[in-house]
Amino acid sequence: MSQTANAPAARAEPEPLLLEVSDLVQRYTLPRENLFQPAPQVLALNGVSVQLTAGKSLGVVGESGSGKSTFARTVMALETPTSGSVKLLGRDLHRLSIDELRRARCDFQMVFQDPYGSLDPRQTVARIVAEPLTAFGRVDRAEQRDRVAAVLKQVGLRGADLDKYPHEFSGGQRQRIAIARALITQPKLIVADEPVSALDVSVQAQVLNLLQDLQDEFGLSYVLISHDLAVVEYLCDEIAVIYLGRIVEQGRPEDLFNRCAHPYTRALLEAVPQARPGRERQRRGTQVIASQSRGSTGCVYAGRCPYADAQCRSVVPVARKMGPDHYAACHHAETIMALPAVADELR
Amino acid sequence: MNGVQPTAAMPFDAPPPEAAVPSKPGRSGRGVLQRALRHRSFMIGGVLTLLVISAALLSTIWTPWPAYEIDLAHKLNPPSAMHWLGTDVLGRDIVSLLLVGARTSILVGVIAVGIGLLAGASLGLIAAARKGWIEELIMRLGDFTFAFPALLSAIMLAAVAGAGMVTSIAAIGIFQIPIFLRITRGSANAIWAREFVLAARVAGKGKFRITIEHVLPNILSILIVQATIQFALAILAEAALSYLGLGTQPPQPSWGRMLNDAQSLLFQSPLLAVYPGLAIATAVLGLNLLGDGLRDLFDPRLSRER
């Protein structure tokens with residue numbers, strides 16, 4: 001609250017923290033099942049805190065339903081969190097007025113998962129890419145076209161593509177259009193929600209390289225939401241592993257891949273399909289999808305964890321420092337770290 | 001058509017070559033036209049609809065005989081060179097009556113569908129954009145109107161405001177509102193769930209601009225198809241109301257009134273009932289076929305190969 005008051009002053013001085021998410025909680029109320037019972041609730045985010053310095057990238061990984069996309073939408077101020085705050089350049093996005101937020105949106109843009117669904121089929125590429133500009137209604141048409149053509153070139157498309165429609169492009173090209181749309185306001189942060197998971201593997205590499213090049217060129221920061229550890233490792237300086245709305249482990253990619261300290265991270269690493277000729281096929285253990293409803297005590301992962309004991313089921317583990325910039329929320333983190341690394345087999 | 005592309009041959013980092021998707025000039029305008037010409041029900045429907053519309057237009061500048069001229073000396077004439085389809089019980093020329101009747105039908109249809117489309121679509125767009133209790137209120141009001149029998153409301157309106165063309169237009173128009181409301185709300189909701197709407201919100205666009213720039217253009221084809229079909233229903237309803245004496249009042253000609261007039265003479269000159277009946281059938285069939293054809297042509301699965 002006090003931060004919002006002196007936000008303009010704070011903006012003037014060099015601010016190393018680009019994004020500061022603190023204790024984000026997002027609770028959804030489900031439709032009532034029984035008239036006489038309170039409506040069930042789901043905790044999509046349960047106290048998520050992350051910080052990101054300018055020019056760095058954060059990867060957020062987790063399985064479906066872990067709250068990754070909710071995190072992305074809340075950071076993008078598309079949803080108002082139940083509690084907690086999202087600060088971009090020192091300004092709390094959820095406390096800005098509608099008008100201020102609209103102007104602030106220049107600084108953070110988003111790339112979506114589905115390159116087919118994220119472009120309006122009835123608009124030309126020029127209109128789609130210029131959308132963040134026209135939202136303010138201040139750029140004249142000629143300048144707008146110039147800027148769109150320039151940004152299309154940056155993502156590897158041609159200026160001649162301006163007047164085409166999305167259906168005339170392939171999936172990878174469409175994702176480039178979506179990236180161009182995010183780039184046109186010269187944002188400082190791009191939140192990418194599974195930006196390559198809908199693409200062919202070869203096209204994935206192209207798009208990831210493009211994202212990397214753009215980061216080098218413009219000093220962008222990404223928040224990359226993905227279920228694919230390899231994608232996140234390629235692009236990110238830091239990875240947060242999220243499970244049922246909580247960050248269970250956070251650290252640099254090499255820490256997570258070589259010395260993961262949370263059994264869930266380990267399970268994710270082990271789940272990466274590997275081609276090992278001659279090896280017998282092994283069925284993976286069925287995963288119990290735990291509920292995110294409240295009322296449970298102890299570690300959220302305890303139900304699935306092979307190392308869980310009585311302490312895990314009663315006491316919620318807090319994030320502990322396992323090394324420089326490496327945090328894990330597990331009572332048995334040391335045991336897990338001592339296990340042989342999964343990553344060796346991976347490469 | 002699209003064979004296997006030699007993707008392996010191209011370097012990974014190079015932007016994909018142009019050839020990946022064949023580019024067409026403009027928005028595949030030629031393709032749509034060609035498919036339209038080959039679409040049988042669209043063409044038949046279009047021709048029949050054009051026939052009715054040109055009859056209505058023609059009646060404003062020319063009819064074989066003045067449509068209102070009563071000539072009791074030549075009443076109930078059989079078809080002849082002078083009166084191509086004969087004359088009715090008051091000696092009026094049937095062809096002229098049919099032409100002017102087309103005008104009445106189309107006028108009522110256009111205005112009634114216009115009312116329904118304008119009010120229904122606006123309310124539906126608001127309901128989809130606003131959600132919550134506003135949506136609930138709008139939809140329940142729509143249900144209320146929908147549950148009320150159209151004929152009953154027309155009779156009620158006639159009793160209050162007096163029978164006439166305006167009354168029938170109002171009754172038909174009001175009855176159209178919930179139909180357009182529902183179809184608009186449903187398809188608009190589907191658009192609101194798409195990612196490009198989310199992208200527009202990320203860009204900082206408000207609900208109004210998203211509705212105008214994204215939702216409406218994407219549901220327009222659905223609305224056009226529905227309007228065509230509702231147009232047919234409106235013409236039918238107008239004929240029914242006029243037949244019952246609640247719609248267009250004499251002396252203004254209308255197909256429904258002509259049926260009513262012919263009813264008492266069904267055994268003396270049955271053809272008198274056939275002509276307006278055929279006219280109504282032509283208009284309704286034409287518009288329905290046209291609507292079906294438009295639906296096929298607008299279908300994104302056919303028009304946009306992904």
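With label points built 7 Å along Cα→Cβ from the Cα atoms of B:PHE148 and B:ARG130, find their separation and express it in nm.
2.0 nm
How would A:HIS331, A:HIS167 line up from fewest to most surrounding beta-carbon atoms within 10 angstrom?
Taking fewest neighbouring Cβ atoms as first place, the list is A:HIS167, A:HIS331.
Can you check what the Kirkwood hydrodynamic radius comes to for the range B:122-190, Cα pairs only, in Å to one decimal?
12.7 Å
Applying 1/(1 + (r/R0)^6) with R0 = 30 Å to the Cβ-Cβ distance of A:GLN186 and A:VAL272, what FRET efficiency is obtained, to the nearest 0.05?
0.25
Would you please give the residues with an amide H less than 5 Å from that of A:ILE247, counting only those at least 5 places away or on a separate chain, with H modeled from the backbone geometry?
It is A:SER49, by chain and number.
Just to confirm a number: summing +1 for Lys and Arg and -1 for Asp and Glu over residues other than B:ILE126 whose beta-carbon lies under 11 angstrom from that of B:ILE126, what do you get? Working shown, then result.
On the way: positive: B:ARG130, B:LYS131, B:ARG185, B:LYS207; negative: B:GLU135.
My count for the surroundings of B:ILE126 gives +3.
What does the charge count near B:THR228 come to, summing +1 for each Lys or Arg and -1 for each Asp or Glu among other residues with Cβ under 11 Å from its Cβ?
My count for the surroundings of B:THR228 gives 0.
First select every other residue whose beta carbon is under 13 angstrom from the beta carbon of B:LEU137; then total the charges, Lys and Arg +1, Asp and Glu -1.
On the way: positive: B:ARG130, B:LYS131, B:ARG140, B:ARG185; negative: B:GLU135, B:GLU136, B:ASP143.
Every neighbour counted, the sum reads +1.
Normalise the Debye intensity by I(0) for chain B, one equal point scatterer per Cα, no solvent, then take log10 at q = 0.08, 0.12, 0.16 Å⁻¹ and round to two decimals.
-0.50, -0.90, -1.26
Which whole-number percent gives the relative contact order of chain B, counting Cα pairs below 8 Å spaced six or more residues apart? Write down the numbers at each step before the final one.
Values: 416 pairs, mean separation 72.8, N = 306.
Dividing the mean separation by the residue count of chain B yields 24 percent.
How well do other chains shield peptide A:107-116, expressed as the mean number of their Cβ atoms within 10 Å of each residue Cβ?
That works out to 3 on average.
Please give the length that would be gained between A:VAL25 and A:ARG158 if that part of the chain were fully extended, namely 0.36 nm times their separation in residues minus their C-alpha to C-alpha distance (nm, one decimal).
Additional length available on full extension: 43.6 nm.
Give me, ordered by chain and number, the residues 5 or more places off A:CYS305 or on other chains with an amide H under 5 Å from its own placed amide H.
none
Can you sort A:SER197, B:SER242 so the residue with the fewest Cβ neighbours within 10 Å comes first?
Final ranking by Cβ density, sparse to dense: A:SER197, B:SER242.
Determine the gain in length on full extension of the stretch A:GLN51-A:LYS321; use 0.36 nm per residue of separation and subtract their C-alpha separation, reporting nm with one decimal.
Length difference between fully extended and current span is 95.7 nm.
Please report the Cα spread of chain A along all three principal axes, rounded to whole Å, starting with the longest.
Sorted largest first, the three principal extents are 67, 58, 49 Å.
How compact and how long is the range A:108-155, expressed as Rg and Dmax of its alpha-carbon atoms in Å?
Over the range A:108-155's Cα set, Rg and Dmax evaluate to 11.2, 31 Å.
Using 0.36 nm per residue of separation minus the Cα-Cα distance, give me the extension gain between A:THR297 and A:ARG313 in nm, one decimal.
Full extension of this stretch gives 5.1 nm more.
Report, as an integer, the average count of C-beta atoms from other chains found within 10 Å of each Cβ along A:117-128.
So the per-residue partner count for this stretch is 5.
What Kirkwood Rh does the range B:226-298 have if only Cα atoms enter the pairwise 1/r average? Answer in Å.
Here the Kirkwood hydrodynamic radius works out to 13.0 Å.
Any chance you could tell me what percent of the C-alpha pair distances in the protein assembly as shown go past 32 Å?
Details: 133204 of 212878 pairs.
Summing the P(r) tail past 32 Å for the protein assembly as shown gives 63 percent.
In sequence order, what are the phi-derived ³J(HN,Hα) couplings for the range A:123-129 according to the Karplus relation 6.51 cos²θ - 1.76 cosθ + 1.60 with θ = phi - 60°, rounded to whole Hz, with x for glycine and proline?
Along the range A:123-129, the couplings run 10, 6, 4, 4, 5, 4, 5 Hz.
If the cut-off is 13 Å between C-alpha atoms, which aspartates and glutamates fall inside it for A:LYS321, apart from same-chain ones fewer than 8 positions away?
Counting by Cα, and skipping residues close in sequence, A:LYS321 has these aspartates and glutamates nearby: A:GLU249, A:ASP255, A:GLU334.
What ranking of A:PHE108, A:PHE136 emerges when the number of other C-beta atoms within 10 Å of each C-beta is taken as an exposure proxy, fewest first?
Ordered by Cβ neighbours within 10 Å, fewest first: A:PHE136, A:PHE108.
How high is the FRET efficiency from A:ALA341 to A:GLN212, r the C-beta distance, R0 30 Å, rounded to 0.05?
0.75
Would you mind checking A:LYS87/A:LYS153; A:LYS56/B:LYS207; A:LYS56/A:LYS153 for any pair whose Cα atoms are more than 28 angstrom apart? All intermediate terms of the calculation are to be shown ahead of the outcome.
On the way: A:LYS87/A:LYS153 32 Å; A:LYS56/B:LYS207 33 Å; A:LYS56/A:LYS153 24 Å.
The pairs that break the limit, which is 28 Å between Cα atoms, are A:LYS87/A:LYS153; A:LYS56/B:LYS207.
Could you bin all the Cα-Cα distances of the range B:102-237 into 5 Å bins starting at 0 and give me the percent of pairs in each, rounded to whole numbers?
Spelled out bin by bin, the range B:102-237 gives 2, 11, 19, 19, 17, 12, 9, 6, 3, 2, 0 percent.
Read-outs throughout are calculated quantities, based only on the coordinates presented, and are distinct from any laboratory measurement. Note that the structure is predicted; figures quoted are calculated from it, not measured. Backbone-built Cβ (ideal geometry, glycine too); neighbour counts: all protein chains shown.
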